[in-house]
1. Indicate the gyration tensor shape class of the chain (rounded, prolate or oblate), computed on the Cα atoms with a ≥ b ≥ c the square roots of the eigenvalues: a/c under 1.5 is rounded; otherwise a/b larger than b/c is prolate and the rest oblate.
2. Say the dipole of the chain comes from +1 at the beta carbon of Lys and Arg and -1 at that of Asp and Glu; which of GLY614, THR76, ILE693 then lies farthest toward its positive end?
3. Using a Förster radius of 22 Å, what is the FRET efficiency between THR55 and ASP80 based on their Cβ-Cβ separation? Nearest 0.05, please.
4. Let me spell out the model: positive unit charges on the Cβ of Lys and Arg, negative unit charges on the Cβ of Asp and Glu, origin at the Cα centre of the chain. What dipole size does that give, in debye rounded to 20?
5. Expected output is a single nm value to one decimal: the length gained when fully extending between LYS263 and PHE307, i.e. 0.36 nm times separation in residues minus the C-alpha distance. What is it?
6. Using +1 at the Cβ of each Lys and Arg and -1 at the Cβ of each Asp and Glu in segment 556-700, identify which of VAL569, VAL651, VAL604 lies farthest towards the dipole's positive end.
7. First check a/c for segment 353-426, with a ≥ b ≥ c the square roots of the eigenvalues of its C-alpha gyration tensor; if it is under 1.5, answer rounded, and if not, answer prolate when a/b is larger than b/c or oblate otherwise.
8. If you put +1 on each Lys and Arg Cβ and -1 on each Asp and Glu Cβ, how big is the dipole of segment 309-400 around its Cα centre, in Debye rounded to 20?
Amino acid sequence: MPRLPLAVVASLAFLASARAQLPQARLDRLFPLGGAAGSAVVVEVTGRDLDDATTLLIDRPGVKVEKLKANQFRLTLPADTPPGTAEVRVVGKYGISASRLFAIQSVLVEVAEKEPNDTQSTAQKVPLDCAINGTSDNEGEDHFRFAAKKGQRMILDCQAIRLDSTLRAVLTVSEAEGKVLARSKPYYLRTDPLLDIVVPTDGDYTVELHDMTYGGGLPYRLIISTKPHVENVFPRAVAPGATASLTVLGRNLPGGKPSGGLKVLDRDLDALTLSYTAPARAALSLTRFDFLFHPTAPAAKMRGVQFLPKALSSALSPLTMVYPVGPITIEREDNDTRDKAQRLKVPTTLCGRFDKPGDADWYRLDLDANQSVQIDLLCERLDLPGDPFIIITDAKGNEVGQFDDHGISFNALALYNRDPFGVFREPAKGAYYVLIQDRYRQGGPRYQYVAHFTKPEPDFMPVVVHATNPHPTSALVRAGGCDYLEVCMNRRNFSGPIVVEARDLPPGVTCPPTHVSPQSETACVVFVAAPDAKEWAGPIRLTATATIDGKDLTRELRSVQRRWAIDNVSTSRLNRQVCLAVRPGAPYRLSLPEKANGTVGGSVDLRVTVQRMGEFKGKVQVTALDLPPGFALATIDIPEGKDEAVAKLTVAGNVPVGTYSVVVRGDGQVPYSRDGKTKANVRVADPSTPVTIVLGAAKK
């Protein structure tokens with residue numbers, strides 16, 4: 001996996017996320033991890049600073065929430081709740097938490113794990129087609145016994161990382177007398193295991209489950225099912241409004257036929273042909289990835305949809321389709337060598353497969369002089385296991401281009417992925433040959449890809465992420481104070497200014513527009529609460545707008561969060577919602593002027609004021625917070641007894657003329673008591689209000 005260029009690393013050098021130490025709601029665990037539509041489920045929440053939790057916020061309409069006791073709630077799920085994963089957040093005294101995932105289905109029996117089930121002889125009896133919600137045993141195993149008939153195909157799917165659990169499950173299935181039928185390997189996200197067995201005789205079977213490191217108390221959701229299970233679909237792209245024939249590969253597919261020797265986990269897959277009409281959709285500039293089951297964070301940089309067709313309405317996994325960027329091209333074999341390369345015309349969306357281990361797919365591009373081609377290959381972003389790379393050669397066989405992993409990762413954001421992306425720029429007219437192959441020469445029914453070949457167009461795919469690192473949280477702005485979120489623009493062939501704005505804010509909260517530097521991927525979005533702002537918690541929206549070719553292009557920011565509050569384990573996933581809470585009690589507000597003018601290569605004196613509240617009287621240190629490239633600001637202090645100071649902002653001579661947002665951060669030791677009695681100083685590092693800097697050209 002290649003390293004990011006130093007220039008990119010430098011541009012992402014956010015200050016370390018030293019954040020306020022005042023309490024802020026953090027939801028670490030939700031249990032159980034799922035439930036059935038049309039039922040009531042009692043859930044328990046654990047985490048940090050969940051005091052006085054009053055309710056849960058769920059991104060599914062019609063869900064009724066009833067508090068039973070401290071950190072325990074009853075969820076009543078409407079019968080028409082769609083299958084998939086829902087976001088659950090805790091709302092309490094210290095704000096609204098980041099989300100934890102809760103799986104919803106309507107075709108399985110929900111079962112609660114019961115102890116003792118530590119041995120095969122004490123295995124818990126469960127029905128077929130069930131979802132078991134349990135927790136791992138410390139230094140032990142959980143056992144479950146089910147009855148099955150000869151020839152039944154059983155799918156055992158342990159969902160953990162996909163539902164934000166740190167469990168790394170190991171599954172073993174045995175016959176009643178102890179003979180082992182199958183042992184699992186990591187499958188989904190290179191972690192969650194899947195077993196596919198055909199029952200050899202009528203009788204009882206036992207599944208053993210434990211954490212790889214035998215850690216205890218880790219939640220899981222174990223599916224034991226004969227229901228349809230989708231493994232793959234091909235092709236994965238259909239033009240909007242067009243009808244195409246899809247081949248679905250999977251297990252227990254209704255009406256499915258033998259796939260002709262296509263094996264996964266040493267079992268033949270079923271094949272089912274479906275007619276699919278792609279929905280007409282809005283302009284490409286407004287589309288995104290709409291999902292039923294939460295994907296990893298890199299999927300923020302793709303456009304498509306997950307759905308369950310009527311023929312597979314009882315399936316436990318969806319079809320994922322990609323929105324094309326041009327005419328669809330289906331890979332055809334034999335294209336395993338350069339002299340058999342399949343011709344492509346730009347633009348096109350290519351649907352390809354590594355049919356067998358070592359499969360090499362060759363394509364030919366006939367380009368005009370100075371014609372550039374952007375290649376964006378999707379594999380990991382489709383939750384597929386391959387690690388493709390791309391090599392481009394000229395007509396003589398000389399390598400002239402290579403693309404591999406791409407993406408930005410910093411602080412709480414992990415967008416780096418194994419999918420190749422890049423722009424091939426070649427000044428000479430002629431034929432060019434594109435090799436797409438898996439780096440480890442893997443192949444088979446699971447190994448697919450979708451590759452967009454297009455003319456490079458200015459674009460951006462913005463995301464927003466919590467500023468706390470590694471703790472997954474939602475923004476919490478205290479009355480009279482400020483809080484912020486970090487944004488990343490994910491620019492593609494675009495180096496212009498972008499303006500980020502907030503919508504659907506509660507009364508008393510404002511968010512000045514954030515002017516993102518054309519030289520930067522990142523910025524801070526600051527929320528400012530009036531001193532009399534009322535308590536509130538809920539979803540908000542953020543949009544980013546840029547002017548491209550004389551037209552305004554607006555995109556909604558996708559929300560990303562860390563899965564776990566674990567240092568050095570950087571794994572992020574998408575959210576559907578961005579949430580914010582307002583609570584009382586900001587200890588101070590740091591303010592900058594609303595606007596200031598300056599010149600490139602010059603400096604700007606900024607008056608920084610602090611309004612201390614409550615019992616806080618101490619010094620506030622002022623430092624820069626994610627300044628635009630080319631800007632610098634020395635650390636200053638506002639001492640006790642003073643309420644303002646002047647900070648000198650310097651601007652390098654290579655900064656473009658334009659409009660910029662600048663934010664600083666305060667740092668003070670604030671007396672605080674959680675119980676209203678004993679007080680101690682805690683560090684509070686909150687952002688200032690932003691200043692809009694208008695830079696003109698240097699005077700000659």
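Any read-out appearing in this document is the output of simple, stated calculations on the displayed coordinates, not a laboratory observation. As the structure is a computational prediction, the values presented were derived from the model and not from experiment. Reconstructed Cβ throughout: ideal geometry from the backbone, glycine too, with neighbour counts over all protein chains shown.
1. Values: a/c = 2.28, a/b = 1.22, b/c = 1.86.
Oblate is the answer for the chain, as a/c is 1.5 or above yet b/c matches or exceeds a/b.
2. ILE693
3. Working: r = 22 Å, r/R0 = 1.00.
Using R0 = 22 Å, I get an efficiency of 0.50.
4. Numbers: 83 positive and 78 negative charges, 238 e Å.
The calculation lands at about 1140 debye.
5. Working: separation 44, 0.36 × 44 = 15.84 nm, distance 2.44 nm.
Full-extension gain reported as 13.4 nm.
6. Ranked along the dipole, the leading option is VAL569.
7. Numbers: a/c = 2.64, a/b = 1.40, b/c = 1.89.
Oblate, because a/c is 1.5 or more while a/b does not exceed b/c.
8. Values: 11 positive and 16 negative charges, 69 e Å.
Magnitude of the dipole: close to 340 debye.
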